[in-house]
């Protein structure tokens, strides 16, 4: 599937998704973040954080999961749903499935954070363990679909998932119409692709940048190469940002990224950790590492970003292990 042949998500589809998911996903706030020396009075720049960590499952993933599951037929819901996820999409699927009375099965990597595993189980889902590679998750899910007839709820490479995630971008433009830069994390590409589609269709002059950890920057490499590049699990699993360890961007998502995204930057592990502390200090949000990468780009890579007056960084999730958060907050 190429940019030329892929069906790009329309703003009408994103608006329809916003109406559809309103009973399940919340409209998250934009919080002003006057980071010292970067944005605030006298600097001519404002930074706002889109607090997706305040969603019912602690991450943006509930948007796409709800949009997909709410469109299933009664027969499909009766068969049950399945997905493959390291945690946040798992919780989104489990939550939305519970809302419609459907069974949820989650194929989860063995290295998924304990806090995300526990939350998924608490929502009533069944977990099937596999190895750390995203390819292993997909293979196991396909096997279980053949055996039991479950309906797959893909984590990112799906039109309805992209439209659901795009509602985050729709809200950003509605909440801050004069936004001129939106920065979002990227892994499989559902959030970045959907947000970019919404922002660019509503405000074509705004710039949209994606951000990845250096240690899992397959999408950045793909963007430069103009084709999808796959990284091995032994590489992507090195980053602290567990939600961004996908080995390759989705085909549909990459088509949206090629059509609407201006650039993709990478950040270091130390920059992610500093950004987490900065977010806590400025807003009292508790971001997970994956949720801090967009802010890290604004804090440390201003020379790679376009000039802006009002920027929004998406804090994509807050399901952080308490011990890890304590470690990072007490670092000097």
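Values in this text are rule-based calculations from the coordinates and carry no lab data. None of these values were measured; they are calculated from a predicted model. Counting neighbours? That spans all protein chains shown, and the Cβs are built from the backbone with ideal geometry, glycine included.
Here is how the numbers come out for the structure above:
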read-out	value
Burial ordering of 254, 60, 223, fewest other beta-carbon atoms within 10 Å first	223, 254, 60
Residue of 236, 246, 19 that the Gaussian network model of the chain assigns the largest fluctuation, springs spanning Cα pairs under 10 Å	19
Ascending count of other beta-carbon atoms within 10 Å, so fewest first, for 108, 276	108, 276
Angle between the chain longest axis and helix 269-283 axis [Cα atoms, degrees, rounded to 10]	80
FRET efficiency for residue 145 and residue 32, using Cβ-Cβ distance with R0 set to 41 Å, rounded to 0.05	0.35
Sites residue 127 and residue 262 - FRET efficiency at Förster radius 45 Å, r taken between beta-carbons, to 0.05	0.75
0 to 90° range, to nearest 10: angle between helix 289-300 axis and the chain longest Cα axis	20
Zone of residue 214's modelled label, taken as backbone nitrogen in the range 241-268 under 15 Å from a point 7 Å along Cα→Cβ	241, 265-268
Gap separating the Cα centres of the range 1-70 and the range 237-286, nearest whole Å	14
Stretchable slack from residue 174 to residue 284, in nm (0.36 nm times residue separation minus alpha-carbon distance)	37.2 nm
Cα gyration tensor, the range 139-205 - rounded (a/c under 1.5), prolate or oblate	prolate
Helix-derived mean residue ellipticity, 222 nm - over the chain, DSSP H n ≥ 4, -39500 (n - 2.57), to 500	-13500 deg cm²/dmol
Label-point separation, residue 22 to residue 100 (7 Å along Cα→Cβ), nm	1.9
Pairwise FRET efficiency - residue 15 versus residue 323, Cβ, R0 = 30 Å, nearest 0.05	0.15
Fraction of beta bridges assigned by DSSP in the chain that are antiparallel (%, nearest 5)	15
Choice from 316, 290, 237 showing the highest fluctuation, given a GNM over the chain with Cα pairs closer than 10 Å	237
Ranked list, fewest to most other Cβ atoms within 10 Å of each Cβ, for 134, 248	248, 134
